[in-house]
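Q: Sharing a structure here in structure tokens format.
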Amino acid sequence: MSVLGRPTAASDALVLRAWPCGETSAVASLLTRDHGFVKVLAKGVRGARSSLRPLVEPGRLINAEFGLDPGRELQFLRGGSVLLDPLAGRPTLERSAYLLGALELVDRCRPTAEGPGDEGEEHLFGVCQDFLGVLSSPTCRGPAVLFFALEWRLLERHGTAPEVEACSDCGGGADDPAAGPPWFQAAEGGLVCGRCAAGGTAAGARPLARDTLALLRSLREGSLAAAGDAEPDPGVRRDAGVLLHRFLGYHLPGYRLPAALELLRAGKDRTG
């Protein structure tokens, strides 16, 4: 019998999702700071006295202790502690929906390659950590815009963020009045000037209002904290969300509108 200890790891991690396994256990998908995406098996976690139960709640930022056996697809979750629970206190439906939507988006649309100048999945973890911190703040007034900013960061990780400065077709300046009002075309990569739109480039595109363009530019240039503090006109916010949704659907493999946002939209439709 081997006397060598089994390899273990301890790392800060975001719980992306969890599902039952067997009668008393559960499997959780984690995005860790030091080891990327890891699936862990929490044995007996559904028991009333399990100390692991707080560590498998989706959306929580935890410090997890788990096995690190390269021969196993599922590592054993051994312990840890909760660092941040964004839904502690009195969460609103809006904040809860955007949190769950962000978890689904990160889990389904994982970057397959590192972007320039960052550290791969460690950088993605840092973005998610910042997102949780801003969302958890009582001063966060714009969870929708904060979610848009997270979508933008994920697109950057895939190397396909929208072009919002120059025309994606001709490269000309979009702020030139002589070029006509700008448009947004996901297939072309983002902004299209009025001149190119008139030439047929904008087939399937949407007119891009100046205020919506300003909001998209702020997502690219500003911090997540600034996005969480933003309160744009509801119409501008809605237009930006629709444009990003179309862009994500065109450019990110595996993307679909997160189920939590479908529920949020349905709730708003019922209340008028």
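Coordinate-derived values only; no laboratory data. Computed from a predicted model, the values in this text were never measured in an experiment. Quick reminder, even Gly has a Cβ in these numbers, built from the backbone with ideal geometry, and neighbours come from all protein chains shown.
Q: Sequence-distant or interchain residues sharing an amide H contact under 5 Å with R17, placed H: which?
A: Close amide H contacts, sequence-distant or interchain: S29.
Q: Starting from the Cα gyration tensor of the stretch 219-267, take the square roots of the eigenvalues, sort them a ≥ b ≥ c, and report rounded, prolate or oblate (rounded when a/c is under 1.5, otherwise prolate if a/b is larger than b/c, else oblate).
A: Here the stretch 219-267 falls in the oblate category.
Q: If you plug each phi of the stretch 230-237 into the Karplus form 6.51 cos²θ - 1.76 cosθ + 1.60 with θ = phi - 60°, what whole-Hz ³J(HN,Hα) values come out, in order, with x for Gly and Pro?
A: Result, rounded to whole Hz: 7, 9, x, 4, x, x, 5, 4.
Q: Say we join alpha carbon atoms closer than 10 Å with springs in a Gaussian network model of the chain; which of R210, R60, R110 then has the biggest fluctuation?
A: Sorting by GNM fluctuation, first place goes to R210.
Q: Taking the structure as given and computing percent of Cα pairs over 24 Å apart, which label from (i) 47; (ii) 54; (iii) 62 fits?
A: Read-out taken from this structure: (ii).
Q: Also, I was wondering about something else. Which three numbers, in whole Å and largest first, are the semi-axes of the equivalent ellipsoid of the stretch 122-272 derived from its Cα gyration tensor as √(5λ)?
A: On the way: eigenvalues 143, 59, 49 Å².
Equivalent ellipsoid semi-axes, largest first: 27, 17, 16 Å.
Q: Length gain on complete extension for the stretch C21 to A259, per 0.36 nm per residue less the alpha carbon to alpha carbon distance?
A: That works out to 83.4 nm of additional length.
Q: For S168, which sequence-distant residues (separation of 5 or more, or a different chain) have an amide H within less than 5 Å of its own amide H, given hydrogens modelled in the peptide plane?
A: L191, V192, C193
Q: Looking at the stretch 8-84 from every direction and averaging, what is the projected area of its Cα convex hull in nm²?
A: Hull-based average projected area comes out at 4.4 nm².
Q: Across 10 Å bins from 0, what is the distribution of all Cα-Cα pair distances for the stretch 183-272, in whole percents?
A: Percent of pairs per bin, in order: 14, 40, 37, 9, 0.
Q: Also, quick follow-up: If you place +1 on the Cβ of every Lys and Arg, -1 on the Cβ of every Asp and Glu, and leave all else neutral, what size is the dipole of the chain about its Cα centre, to the nearest 20 Debye? Don't skip to the end; give the middle numbers.
A: Details: 30 positive and 33 negative charges, 233 e Å.
Dipole size: approximately 1120 debye.
Q: I'd like the FRET efficiency for R195 and D34, computed as 1/(1 + (r/R0)^6) with the beta carbon distance as r and R0 of 51 Å, rounded to 0.05.
A: In this case the efficiency is close to 0.55.
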